Structure formats: structure tokens, C-alpha cells
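The values are calculated or read from the model by the stated rules, or taken from the named source; none is laboratory data. Note that the coordinates shown come from a computational prediction; the quantities given were computed from them, not determined experimentally. All Cβ positions, even for glycine, are placed from backbone atoms using ideal geometry, and neighbour counts span all protein chains on display. Note: accessible area is taken over every heavy atom of the protein model, side chains too, but ligands, DNA and RNA are not part of it. Shrake-Rupley method; radii C 1.70, N 1.55, O 1.52, S 1.80 Å.
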Amino acid sequence: MGVDFGLPHFDAELEELGLLAQTAGMQPVARITCKRKAPDAALFVGSGKADEIRALAQMHGAVEVLFDQSLSPAQQRNLERHIELPVNDRTLLILEIFAQRARSHEGKLQVELAKLQYVSTRLVRRWSHLERQTGGIGARGGPGEKQIELDRRMIGDAIKRTRERLVKVKRQRSTQRRQRERRDTFNISLVGYTNAGKSTLFNALVKARAYAADQLFATLDTTTRQLYLADAGRSVSLSDTVGFIRDLPHGLVDAFQATLQEAIDADLLLHVVDASNADFPEQMAQVERVLHEIGAADIPQILVFNKLDALPPERRPPDLQDEYEVAGHLLPRLFVSARSGEGLDNLRQALSTKVLATQLDMTPGDAVELPDAMP
């Protein structure tokens, strides 16, 4: 279910929400949209549209309803009572995917923290079993107050413990970064919208076997490898980071601060873009928004327009390297295919040029000319 409030990034086909649902192991059976000037306070979509959703769900035998926008706890509770099915929003769907995909200890802690923060906002209004509890001897207030307060305290304690464990992990990562700095390592981080092909590009550059798949959030945990650049005569540190997405829950941005620290501390960002996606400008804007949020907006970037092999002949660029304007600044851009290897030699040359310029004490903000294209 998607509601068009007149915002520019509304997905009329709900394609991305459908991909998220499939990534979480679900199978979409019907899609429905509507236009509103503002959300309905009680049901988000209004009672008439809620009736339509219930009828459509019954007709298709659906077992859950997903909303493309974030719902308040009260709206979620009211919709579930009205539709008589579980109702979840985009935020919880992304959290569920992250919970399924996290592999490292750090990643699992980050997801746990984000889910705890999400659940803590839904305690009072959503947990219907609490209404059957009574406050206890001598307690004043409504039904379930004692149990709710107990659950809130337990979740608060769990959040505190998880944050403390994440601080330890962050301290360990900081020690590892200081060791790399002492070795005078040049750090490069791959960033970009989810499913832009970052992990495939990472594998192609460093001959690694990091998990890569044509799905959203295939990679959650940061992987770092050494990349040898022959033209620069030295190795650099290359990190593959978690992908970004539209309306990424703020709890996840905060929770994944330790993972995203690799991007914050990078000397250079390779902003990987899915050139075959017609909505790539909007996806780039979302990535830039998250980079600004985590304090990485001023780090030098090279744009890597990936999936060149997926472009039809009429959309194929005449030049595989040029410049592209982002937020009023011209950035170097290269077209590559991580799958076929086309354009990767140009990318390695561009990285070598940047590393050599840095060795000559070049300021980070200076522009770097890309080398001529390979014959």
C-alpha cells in the first residue's frame, strides 16, 4: 500500500517495496495506491480506503499488509483492528531484512539496537495482551500499567546494554583504524544505493569472494581488503559498506554508525550508481543525504556508474569517463561493468592518479584529472 502525498520520490508502482518484501521472504500478491493531501490521523488512509484494502486482501488471501510509509503506533493498531490482518510499515520491513542478513557480531548488535528502539515506541499502543493485565495491589492508573512499565524498563535496559557493547566494538574498530593510519594506508570506501553493484565491483577489484546478489541489502557487514594499484606502486585499503535506501530508518543510521565509520574515515569515496536504473538521480540524492547525515559529505568522491552491460545501445554513453554535477560540484565519473570487467582498467588508473596526487601532499579538495581512456 502506497499513499501519494505529492512528494517527488513517490513510487507509483511500489516496485521497491515489492523488492523489499521479496528480500524478506514474502510474495506480494496485490498493490494499491491512493492520493491524499495529508495522512488520516486514525487510519493513515481513511476508512473507505481501509475497507478497500481489507476486501483486496481477502480476495487474494493475503496474510499481511505492508505500507510504503512509516505508520505511527496508533495508526498501526487501528489499521490492524479495521483490516483484521497484521499491518507493518517500510521501517519494520527494512529492520526485518537487516535482522535476517546481519552476519557479524557488530552487525547483529546494530540491528538489535535499532529493533529495540523501534519496539519501544510501540509498547503502550500496540501490545493488546497488556490490556488484560491489571495494575496490581495498591497501583493506580489504567489496566496493564504495571506490565507496560515492566516491559518498558526491560527494553530500556536491553537498549543500554546493547549500546555499551557497541561502544566496545567501536573502540576496537578505532584501534584497527589507528593501526592503518600508522602504516600510512590510503582508505577507499564504496558507497551507494542498495543493489547498485557495490559488492560485485568490490569482488572484481580485489578478487575477493564477498557475498553479492541481485537483491536489496545483500551486504550488511563491512568488508575490507587490500587493493594493489600497479600505476601507483602501492596498495590501498578498499572497504565495501552497507547500501543506502530511500527513507532509511533513522534508528538504523544511528545504529550502523560503527559500520558507516569506514566511510566517514575514508580518504576517497567511490559512489557506485546503477546506471541502468532510470531513477538513478533520486537514488544518488538519497545517498548524498545519508552521507551528509553521517558527516561524510565533504570527502572527495569519484562517481562509478556501474552496470554498463545492462544499458541498451541507445543509452550507452559515447565516452566512458566524463564529469557529472552533484550538488553544484562537478565530480569525475566513470562508466564500468563490474560483471564483464569493462572500464575497470580506467577506474584503477583514476585511483592511482588520486593516490599519487595525495602522496605529493595535494589538498583533499583539489580536483583530480582522470587519465586518458584505455585504448
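Residue-wise test of (1) part of a loop (DSSP other than H, G, I, E, B); (2) over 19 Å from the mean Cα position of the chain (by Cα).
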{"residue": "His9", "(1), (2)": "yes, no"}
{"residue": "Ala12", "(1), (2)": "yes, yes"}
{"residue": "Gly25", "(1), (2)": "yes, no"}
{"residue": "Lys37", "(1), (2)": "yes, yes"}
{"residue": "Arg54", "(1), (2)": "no, yes"}
{"residue": "Gln69", "(1), (2)": "yes, no"}
{"residue": "Gln75", "(1), (2)": "no, yes"}
{"residue": "Glu80", "(1), (2)": "no, yes"}
{"residue": "Leu85", "(1), (2)": "yes, yes"}
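Scanning the stretch 95-118 turns up no residue that is of a type in the set (Asp, Glu), out of contact with any helix residue (DSSP H, G or I) (no Cβ under 6 Å at 6 or more places or on another chain) and open to solvent by less than 30 Å² (accessible area, probe 1.4 Å). Residues in the stretch 325-352 that are surrounded by 15 or more Cβ atoms within 10 Å (Cβ to Cβ) and among the hydroxyl-bearing types (Ser, Thr, Tyr): 2 in all. Only a single item in (1) touching a residue at least 12 places away in the same chain (Cβ under 8 Å); (2) out of contact with any Lys or Arg (no Cβ under 8 Å at 6 or more places or on another chain); (3) of a type in the set (D, E, K, R); (4) more than 18 Å from Arg165 (Cβ to Cβ) is not met by Arg81, and it is number (1). Only one entry in Val45, Val87 is at pLDDT 90 or above, touching a Leu at 6+ places or on another chain (Cβ under 7 Å) and of a type in the set (Val, Ile, Thr), namely Val87. Taking helices (runs of 4 or more DSSP H) as the structural unit, those lying wholly within the stretch 99-183 and holding at least 2 residues that are modelled with pLDDT under 60 correspond to 123-126, 145-182. Checking each residue in the stretch 249-290 for being under 28 Å from Thr358 (Cβ atoms), open to solvent by less than 40 Å² (accessible area, probe 1.4 Å), modelled with pLDDT under 90 and not in a loop (DSSP other than H, G, I, E, B) picks out Ala258, Thr259, Leu260, Gln261, Glu262, Ala263, Ile264, Val290.
Residue-wise test of (1) under 24 Å from Arg101 (Cβ atoms); (2) in contact (Cβ under 8 Å) with a residue 12 or more places away in the chain.
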position	(1), (2)
Leu20	yes, yes
Ala24	yes, yes
Gln27	yes, no
Leu43	no, yes
Leu66	yes, yes
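The conditions of being surrounded by 14 or more Cβ atoms within 10 Å (Cβ to Cβ) and aromatic (Phe, Trp, Tyr) are met by Phe44.
Entry remark, the stretch 291-324: residues being under 26 Å from Glu342 (Cα atoms) and either assigned to a helix (DSSP H, G or I) or not charged (D, E, K, R) (or both) number 20 in total. For the condition within 27 Å of the chain's Cα centre (by Cα) and open to solvent by less than 40 Å² (accessible area, probe 1.4 Å), Val355 does not qualify.
Cβ-Cβ contacts under 6 Å between residues 6 or more apart (or on different chains), taken from a first residue in the stretch 309-338 that is more than 20 Å from Ala204 (Cβ to Cβ) to a second residue that is of a type in the set (Phe, Trp, Tyr) and in a strand (DSSP E or B), are listed as Leu331/Tyr324.
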